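The structure appears right after this line, and notes come after that.
Every read-out reported here was derived from the displayed coordinates using simple, explicitly stated rules and does not represent laboratory data. Treat the numbers as computed from the prediction; the structure is a model and nothing was measured. Don't worry about glycine lacking a Cβ; one is built from the backbone with ideal geometry, like all the others, and counts go over all protein chains shown.
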Amino acid sequence: MKFGVVTFPGANCDYDAYAAVKHILKEDVEFLWHKSEDLAGCDVVILPGGFSYGDYLRAGAIARFSPIMDKVIGFARSGGLVIGICNGFQVLTECGLLPGALIRNSHLRFSCKFVYLRIENDTTSFSNAGRKGDILKIPIAHGEGSYYNFDGDIKQLEDRDQVVFRYVDRGGRITAEANPNGSINNIAGVINREGNVLGMMPHPERAVEDILGSIDGLKVFESLRSTVSKLKLVS
């Protein structure tokens with residue numbers, strides 16, 4: 001099993017993601033340079049957080065045109081597993097692999113703190129290590145993390161169980177106070193219709209050891225490992 005972590009100019013969470021896979025999950029992982037056109041045989045591609053290309057124009061808008069993104073798009077459209085975290089989520093919406101957009105936080109400030117997420121769909125390749133209703137403590141660090149979509153599209157997302165994670169309070173309640181950025185319907189993470197591409201604003205790679213304040217992010221990585229292992233057994 002092999003993970004690939006894309007490195008864009010301005011990325012600052014690529015090493016966090018690499019370390020989570022290499023040292024905590026104990027799986028093979030490789031950095032994928034943004035100018036490369038080779039995914040190196042990876043089973044899972046991670047688009048990490050940071051400020052790709054300085055977030056000029058808008059977050060993720062330039063990274064979408066990196067040479068490697070053509071390969072990532074092709075990989076995703078052929079059923080490959082792709083996860084975009086924070087800036088990676090923004091890149092995925094910019095290139096059309098995920099619906100909606102990430103806009104400025106409603107309070108117009110950068111937010112860096114722990115938040116609580118509730119698993120809304122535990123059948124996905126990114127959440128099957130948990131159970132629906134589980135509360136995860138995972139940090140955020142973003143200025144443009146407010147998920148937006150049109151009302152009709154939001155209803156479709158909800159009806160198709162494409163909302164995987166939602167911001168809640170410690171007790172699992174959906175409240176305005178628990179929403180750190182103004183995301184519509186407290187949405188923190190969504191998948192595509194096919195279920196192989198996930199975008200989430202919180203950083204699971206920063207919640208994989210007790211010393212970091214939480215190990216809840218491991219459920220995302222363990223879910224991916226479980227999914228790939230099952231796929232390899234079938235093949």
*What is the magnitude of the charge dipole of the chain about its Cα centre, with +1 placed on the Cβ of each Lys and Arg, -1 on the Cβ of each Asp and Glu, and no other charges, expressed in debye to the nearest 20?*
220
*Could you tell me which of rounded, prolate or oblate describes the stretch 95-171, using a ≥ b ≥ c as the square roots of the eigenvalues of the alpha-carbon gyration tensor, with rounded for a/c under 1.5 and, failing that, prolate when a/b is larger than b/c and oblate otherwise?*
oblate
*Between Lys35 and Ile211, with labels modelled 7 Å along Cα→Cβ, what's the label distance in nm to one decimal, could you check?*
3.5
_DSSP-defined beta bridges in the chain - what % are antiparallel, rounded to 5_ = 60
_Could you compute the longest span of the chain free of GluC sites (Glu not before Pro) located in DSSP loops and having at most 12 other Cβ atoms within 10 Å, not counting the site residues?_
38-176
_Förster radius 30 Å - calculated FRET efficiency between Asp134 and Leu233, Cβ distance, rounded to 0.05_ = 0.70
*Which helices of the chain meet both criteria: a Cα extent of 18 Å or more along the helical axis and a mean Kyte-Doolittle score no lower than -0.5, with helices taken as whole DSSP H segments?*
218-234
*Loop chymotrypsin sites (Phe, Trp or Tyr not before Pro), the stretch 46-97, which have at most 16 other Cβ atoms in a 10 Å radius of their Cβ (DSSP)*: Tyr56
*Measure out, as a whole number of angstrom, how far apart the alpha-carbon centroids of the stretch 130-204 and the stretch 35-91 sit.*
20
*Taking every pair of alpha-carbon atoms in the stretch 1-137, give the share separated by more than 17 Å as a whole percent.*
62
*Can you flag which of Lys2/Lys219; Lys2/Lys26; Lys71/Lys230; Lys71/Lys132; Lys113/Lys155; Lys35/Lys230 are past 21 Å Cα-Cα?*
Lys71/Lys230; Lys71/Lys132; Lys113/Lys155; Lys35/Lys230
*Can you bin the chain into rounded, prolate or oblate? Criterion: square roots of the alpha carbon gyration tensor eigenvalues sorted a ≥ b ≥ c, rounded for a/c under 1.5, prolate for a/b above b/c, oblate for the rest.*
rounded
*Relative contact order of the stretch 1-67: what whole-number percent is it, with Cα pairs under 8 angstrom and at least 6 residues apart?*
43
*Mean separation of Cα pairs under 8 Å and 6+ residues apart, divided by the residue count of the chain: what relative contact order is that in percent?*
20
_Once you order the gyration tensor axes a ≥ b ≥ c over the Cα atoms, which shape class does the stretch 152-235 get: rounded for a/c under 1.5, otherwise prolate or oblate by comparing a/b with b/c?_
oblate
